[in-house]
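Okay, structure first, notes after.
The values are calculated or read from the model by the stated rules, or taken from the named source; none is laboratory data. For clarity, every value in this text was computed on a predicted model and none was experimentally measured. Cβ coordinates were reconstructed from backbone atoms using ideal geometry, including for glycine residues, and neighbour counts include every protein chain displayed. Remember, those area values only see protein heavy atoms, side chains included, never the ligands or the DNA or RNA. Shrake-Rupley method; radii C 1.70, N 1.55, O 1.52, S 1.80 Å.
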Amino acid sequence: MKILRSSDPELKGVFNFSLAFAGAVKNYTLYPADHAIAKKHLLNFSRHLTKFLADYECLRLDVEKNSLRYAGEIVYQGSAEESDIAYLLGRDGVQYLEFKRGIELWEMQSLLKLINEHRMLDEENDGDIVTALWEQDYPHIDYKAIDILALDAPAIDFSGFKVAPAQVVSDVEQDDFSDDSSGSGLDDAGVDDFLAGSDDSLAGEEAPSVALTITAKGNDLWILSPLERYELEKMVAEEEQLDNTDNVIDILLIILVVQNDQQDFIATLDFLQDRFLHACKIHRFDAALKVLNNLLKIRGSFSGKKQWALPLFDAFLHTVSRAESLRELRRLLLDPETRPYSQQMEYLWRVLCLLSPEVLFTLGPLLPDVPSAKIRQALSSVIVHHGQRAPEILADTVPLFDEELCLQLLPVARKMPTDAGNKIFLAMALHDSPVVRSRAFGILERRNRLDPLELFPLINDGDREIRQKILALLSRKKNEQCEERLLAYLQNGENTIREKDHLVACYKALGGCGSTRSISVLKEILMGGKIGNMFSREALNHKQGAAVALHELGIAEADQILKEGAAGILPDVRLACKKALGK
């Protein structure tokens, strides 16, 4: 067998073809053969195969457990899925698949359809890939299948076995003949004749000094010794546990560097993504770190010559940073048995730091549920790291964080540029935790960065002092937006603070920022109302508030409404107007 290195053009060509082959098989399971995407992958499959066969007579892929090899080197590592080419071929007993020069497009298309039709094993489909290949008999596709009969009945050379002489057999089975003479059809003379045999060809032959009788009792011909069994089990275990993750990643990275075709580049990135997620699943975070480190280096080297590749790298990082991609990590971090200090965990923290800052949307909500205090501490450091990298994303994720993490982030936000830090403090000022809200509000106040519109939800804050400060900001000057927010708040019943003083203070703030647009609404609140609720406490509070707002507007039209109300016949209106006018 020839020995190939990962940098050899021949091996690179096979690797590219294997990726195209696997991609075509997978997409044939997702789309009909006449679909544009299926056709695209068929042509990609054909292009790589034709390109390779232009330089070589044939391309033979040996099938092993969920993998394909070429000249002894793994060129494709799959998984046990019914859309994976290596798994399907191995499952149905294909030992190798060989493509010969001169292969035509119809053969490739037919092969992909064949594999897709036999990927599911069920009662309706009793065939398999091997049988279908035999029936098709492609002119330029060869294969070899495992001989099941040969596996069940190993070929043994019986020429060395001899029938034992009479004396040997009589020593072994003498009791069997003597115990029940009536049940035997042979007497002693017949037995002697039988043992001597009637074949003249045996005359003159001597039995070996140690003869082996196949039918003799206790002849354990197929039983392994304890040592043989141990060695066999050891070999099987080593093969099953063989981890070729590093080799596959190395080859994929080499292909990525030299790849100039955009579609092939995307396909290679897809397989690297699969290897990255696989490495995370088996807790090989050193391999996952190798993928990220090298991809970031490659991205940096491409910034001047392959601009089209940059968004593809970013898409890769975005995908592997999503919650769906980090399910295995979530299980690991939430497992009470996870050891916080180990070499692989150190690699994991470095991996998380290299992901997109969007990983904050996953790590933030996860943190409070992590049982280990040491792992929570390390995870908090990762969150702080990403918060410094992307303050705008940190601000969006603050509502997902718990109180403890927010308090840890306060000093971090203080060190950020003013605008970036203020965005984070604003998000914290609206946090569910009263402690966090109060701390962030205080920082914004000291920085003179309190925006009444952005902080409007604090009008319902449980802290009376904060509510009063927000209302004071709203009433500071005439502002149409502030007026609209307060009108909507009062009309739609958004106030959750049922205190009379708070309600009246809201109306007073409306008078401070309002205009003639509010007069008709305030008049309706003051003069309207049904007889049934005319004297209810809540109705009276609203009427008094409306009267205060009209007075604070400082508009002649509003003052005239108050004067008319104070002289009117409705007692609740009259009382509210007189209080507003100070009478």
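Remarks
- Sum of side-chain charges, ASP501 neighbourhood, beta-carbon under 11 Å (Lys, Arg +1; Asp, Glu -1): +4
- The amide H of GLN95, built 1.01 Å from its N in the peptide plane, has LYS144, ALA145, ILE146 as neighbours under 5 Å, considering only residues 5 or more places off or on other chains.
- Other residues lying with their Cβ under 12 Å from the Cβ of LYS306 contribute a combined charge of +1, Lys and Arg counting +1, Asp and Glu -1.
- Given +1 at the Cβ of Lys and Arg, -1 at the Cβ of Asp and Glu and no other charges, the dipole of the range 300-357 around its Cα centre is 200 debye to the nearest 20.
- Sorted from greatest to least, the principal axis extents spanned by the alpha carbons of the range 437-539 come out as 49, 28, 17 Å.
- Carbon and sulfur %, accessible surface of the range 321-362 computed with the full protein complex present, 1.4 Å: 49 percent
- Using alpha carbons only, the radius of gyration of the range 330-469 set against its Kirkwood radius gives Rg/Rh = 1.03.
- Student exercise, the range 3-121 dipole from Lys, Arg, Asp, Glu Cβ charges, in Debye to nearest 20: 240 debye
- Taking all protein chains into account, the per residue accessible area for the range 62-109 stands at 39 Å² (1.4 Å probe).
- For the range 13-62: Kirkwood Rh in Å [reciprocal of mean 1/r, alpha carbons]: 11.2 Å
- Calculated from backbone phi, Karplus (6.51, -1.76, 1.60) coupling profile of the range 10-20 in Hz, x at Gly/Pro: 4, 5, 4, x, 5, 4, 4, 5, 4, 5, 5
- For the peptides 339-346, 541-548, 283-290, the ranking by packing is 541-548, 283-290, 339-346, with the highest mean count of neighbouring Cβ atoms within 10 Å listed first.
- Whole-number accessible area per residue in Å² for the range 387-539, which is evaluated in the context of all protein chains at 1.4 Å: 52 Å²
- Protein accessible area in the range 48-123, 1.4 Å probe - carbon and sulfur %: 44 percent
- Only protein atoms count toward the accessible area here, which uses a 1.4 Å probe; on the range 366-521, the carbon and sulfur part of that area reaches 47 percent.
- Long-range amide H partners of VAL75 with built H, under 5 Å: LEU68, ARG69, TYR70
- A cut-off under 13 angstrom between Cβ atoms defines the neighbours of PHE52, and their net charge, with Lys, Arg +1 and Asp, Glu -1, is +1.
- Only one residue of VAL320, HIS278, ALA373 has its Cα farthest out toward the positive end of the dipole of the range 245-395, where Lys and Arg carry +1 and Asp and Glu -1 on Cβ, and that residue is ALA373.
- Basic side chains Lys and Arg get +1 at the Cβ, acidic Asp and Glu get -1 at the Cβ, and with that the dipole of the range 290-435 about its Cα centre reaches some 800 debye.
- Global form of the range 306-351, assessed from the alpha-carbon gyration tensor, a/c cut-off 1.5: oblate
- Taking all Cα pairs closer than 8 Å and separated by 6 or more residues, the relative contact order of the range 1-115 comes to 28 percent.
- Vicinal HN-Hα couplings computed from phi for the range 372-387 (Karplus, 6.51 cos²θ - 1.76 cosθ + 1.60; Hz; Gly/Pro x): 8, 5, 5, 5, 4, 5, 5, 5, 4, 5, 5, 5, 4, 4, 6, x
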